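Below is one structure, written out as structure tokens; comments come after it.
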Amino acid sequence: MNPCKCGWYGYDDGRCRCTQRDVERYRSRVSGPLLDRIDLQVDVPALSYEELSHRKPGESSAQIKERVERARERQRQRYQGTGVDCNAHMGQPELSRYCVLDEAGNTLLRQAFERLGLTARSYDRILRVARTVADLEGAEQISAVHLAEAIGYRTSKYFK
């Protein structure tokens, strides 16, 4: 969603004419509990003309598709016989078994909770996303790097 009604809040060029009250009213239309149920909350800033016209080629769609298919196959194998088909559908037993964090991961997640005011629901969602990030990388265990990426997907600057 946009950061405000006009969509320009947060840009330094002065296009946004919304008052702080307008911004708060707009954001309040989406409740915190609803936002907490959204796994990925990513800020996507506008690109300048220079950034758009000088883009470097990234990973191809075919490469991404292959990586996602490998991750999904890992998940199918992992959850075989459990009634779970993917990371998003893990319950507490699967979270406890497949999302074990090492000391660095526990420390990172604890710090994120203290600093960002995360909820119990976000804890489980972060673990599921971190497991997916690890699967996309082909890693058996969730590392602090995977966890940091997952935490980053829950920290939109516009909805705190």
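The values are calculated or read from the model by the stated rules, or taken from the named source; none is laboratory data. Since we're looking at a predicted model, the values are computed, not measured. Using ideal geometry, Cβ is built from the backbone for each residue, glycine included, and neighbour counts are taken over all protein chains shown. Please note that ligands, DNA and RNA were not included when accessible areas were found on the heavy atoms of the full protein model with its side chains. Shrake-Rupley method; radii C 1.70, N 1.55, O 1.52, S 1.80 Å.
Using the structure shown, decide if GLU103 is farther than 24 Å from LEU34 by Cβ, exposed (fewer than 13 other Cβ atoms within 10 Å of the Cβ) and without any contact (Cβ under 8 Å) to a residue 24 or more places away in the chain.
So GLU103 passes the test.
For ALA144, only one of the following conditions fails: (1) modelled with pLDDT of 95 or more; (2) closer than 26 Å to GLU69 by Cβ. What is its number?
Of everything listed in (1) modelled with pLDDT of 95 or more; (2) closer than 26 Å to GLU69 by Cβ, ALA144 misses just condition (2).
Based on this model, can you work out whether VAL68 counts as among the β-branched types (Val, Ile, Thr), assigned to a loop (DSSP other than H, G, I, E, B) and either open to solvent by 50 Å² or more (accessible area, probe 1.4 Å) or in contact (Cβ under 8 Å) with a residue 60 or more places away in the chain (or both)?
Taking the combined requirement at face value, the residue does not satisfy it.
Name the helices (runs of 4 or more DSSP H) wholly within the range 14-61 that hold at least 2 residues that are among the basic types (Lys, Arg) and open to solvent by 100 Å² or more (accessible area, probe 1.4 Å)?
Passing ranges, in order: 20-27.
Which pairs have Cβ atoms under 8 Å, sit 6 or more apart or on different chains, and link a residue in the range 1-18 that is over 24 Å from LEU34 (Cβ atoms) to one that is among the aliphatic types (A, V, I, L, M)?
These pairs meet every condition: TYR11/ALA46.
For residues in the range 71-83 being farther than 18 Å from ILE126 by Cα and either aliphatic (A, V, I, L, M) or not in a helix (DSSP H, G or I) (or both), which is most open to solvent (accessible area, probe 1.4 Å)?
Of everything passing the filter in the range 71-83, GLN80 is most open to solvent (accessible area, probe 1.4 Å).
Condition test on ASP124, is it under 26 Å from ARG27 (Cβ atoms) and at pLDDT below 95?
yes
Could you please let me know if GLU149 is part of a helix (DSSP H, G or I), open to solvent by 60 Å² or more (accessible area, probe 1.4 Å) and in contact with a helix residue (DSSP H, G or I) (Cβ under 8 Å, 6 or more places away or on another chain)?
When the stated conditions are applied, GLU149 passes them.
Among the residues of the range 108-140, how many are assigned to a helix (DSSP H, G or I) and either of a type in the set (A, V, I, L, M, F, W, C) or loosely packed, with under 13 Cβ neighbours inside 10 Å (or both)?
18
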